[in-house]
Amino acid sequence: MEPIVILGAGLAGLSAAHFLQQPWVLLEKTERVGGLIKTEVLEGCFFDATGHWLHLRDPEIKELVNTRWLPDQLVTIQRRAAVFSRGVFTRFPYQVNTHGLPPEVVAENLVGYVEAVYGEKGRALREREPRDFAEFILRYMGEGFAKNFMFPYNKKLWTVDPSEMSAAWVGRFVPRPTLKEVVDGALGVGSDALGYNASFLYPREGGIESLARAMRAHLRGGELRVGVEPLAIDWKARAVSLSDGRTLRYAQLLSSIPLPGLVRLLAQGASGVPDEVRAAAGRLRATTVTYVCVAARGQNRQPWHWIYLPEPEFHSYRIGSPSAVYAPLAPPDTATFCVEFSHHGELTRERAEALAVEDLVRSHMVHAAEDVRFARAREIPHAYVLYDEAYGAAKAEILRFLEHAGLQTAGRYGQWEYSSMEDAILAGRACARRLNA
């Protein structure tokens, strides 16, 4: 009996292997499992590949994490996040914490919200669903919030104007405030508990990669191969050509690798793919994120776990601080930071390292450049999938072909979506259950 082959040992692939009740082979091209769930130790400082915080909603997954994968190994952390704009820190989410900004900015945000949600000015948008992300922002937050935070920040994060993006992805990721929340936030009695990540879980030891290592340690019923890369897939013959020279035949194939990459593998196989599928894969876009791991002498100057930087004088869109989130991630008297930049390949690592130090000083996260012990850049390709005009039709074209070819996809990149760590675990479980049936 041929096994089920799983491409990619990120959280979706590991989850699928865990839940499968048939023989499987899990292929990972790197030497470590986890995908982006990796932790690097630099001079005693622990850095994840940007902020990876665990949120658990599903009862079965929660039970697995807490009793099998990481029993008694998780700490609960209450988010302390801020926005740095107009030279001041305000608590996050911005739309319900404007107290402390210049009065004219607070007034512009509040009046814009009322006009959008209740006034005549916003009537046209209220009578229909938003056509794009820009209209979503204007419909639910108004022109002030759009101008002062939502438009500039999201353009920096996604690299395109919000009008070029669909609003289909926002879901729980972009909170829609009530009038009371907006007013309370303007008066300084607002809450910073709004949003899906108001609290999160994090491993006591080893960084976020501890989760991936634990999932690997508990796998049963199959074979994990690391350091092996698929080179081509013949979907009619149900065979994968591997970088070690072998050919692996499969009963079913589940992919958690980036969707355009899967199409390229299929195009390399003897069965090929239709031209329209290749063209659709070429229309799928994503940003590249360069993150710079920084260590500075002394304790954290600010209390924030991470800050958002909407203004154009800052090149980064976000700065996280692992040492502020969880002190054991850095040695005593050391503050650590993860400075994030979104782009399409035009930013070199050397330039990112220099800009990271500039932004840390300018945002008052560190006193001076001389305090920095090191700044080392790392890169994430396909970091944020772009929900642009081409996205929906292109993805649908590819998924129709994959269904015809009998292939399944799971996870953030397999499904080519914006989603969380738990979403990836759930997607792997869902695929496994379909294959078990």
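The values are calculated or read from the model by the stated rules, or taken from the named source; none is laboratory data. If you're wondering where the values come from, they're calculated on a predicted model, not measured in any experiment. No Cβ is skipped: glycine too gets one built from the backbone with ideal geometry, and neighbour counts run over all protein chains shown. Note: accessible area is taken over every heavy atom of the protein model, side chains too, but ligands, DNA and RNA are not part of it. Shrake-Rupley method; radii C 1.70, N 1.55, O 1.52, S 1.80 Å.
Values computed for the structure shown
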item: Evaluation of Arg225 against (1) open to solvent by 30 Å² or more (accessible area, probe 1.4 Å); (2) touching a residue at least 40 places away in the same chain (Cβ under 8 Å); (3) over 25 Å from Ala424 (Cα atoms); (4) part of a strand (DSSP E or B) (one fails), failing number; result: (3)
item: Search result, residues across segment 117-137 that are open to solvent by less than 50 Å² (accessible area, probe 1.4 Å) and closer than 17 Å to Val160 by Cβ; result: Pro130, Asp132, Phe133, Ala134, Glu135, Phe136, Ile137
item: Segment 165-192 - residue that is surrounded by fewer than 17 Cβ atoms within 10 Å (Cβ to Cβ) and charged (D, E, K, R) and, of those, modelled with the lowest pLDDT; result: Arg172
item: Unique residue being hydrophobic (A, V, I, L, M, F, W, C) and free of Cβ contacts under 8 Å to residues at least 40 places away in the same chain when the list is Ala239, Ala296; result: Ala239
item: Count - residues of segment 59-74 that are within 21 Å of the chain's Cα centre (by Cα) and either in a strand (DSSP E or B) or of a type in the set (Val, Ile, Thr) (or both); result: 3
item: Among residues of segment 38-50, those that are within 19 Å of Gly10 (Cα to Cα) and open to solvent by 40 Å² or more (accessible area, probe 1.4 Å), counted; result: 2
item: Filter result for Ala12 (open to solvent by less than 50 Å² (accessible area, probe 1.4 Å) and within 20 Å of the chain's Cα centre (by Cα)); result: yes
item: Leu64 being under 30 Å from Ser210 (Cβ atoms), touching a Leu at 6+ places or on another chain (Cβ under 6 Å) and either surrounded by 19 or more Cβ atoms within 10 Å (Cβ to Cβ) or not acidic (Asp, Glu) (or both); result: no
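So that you can scan it fast, the table gives a plain yes or no per residue for (1) at pLDDT 95 or above; (2) surrounded by fewer than 17 Cβ atoms within 10 Å (Cβ to Cβ); (3) assigned to a strand (DSSP E or B):
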site: Ile233; (1), (2), (3): yes, no, yes
site: Val240; (1), (2), (3): yes, no, yes
site: Leu253; (1), (2), (3): yes, no, yes
site: Val263; (1), (2), (3): yes, no, no
site: Gly272; (1), (2), (3): yes, yes, no
site: Glu276; (1), (2), (3): yes, yes, no
site: Ala281; (1), (2), (3): yes, no, no
site: Thr288; (1), (2), (3): yes, no, yes
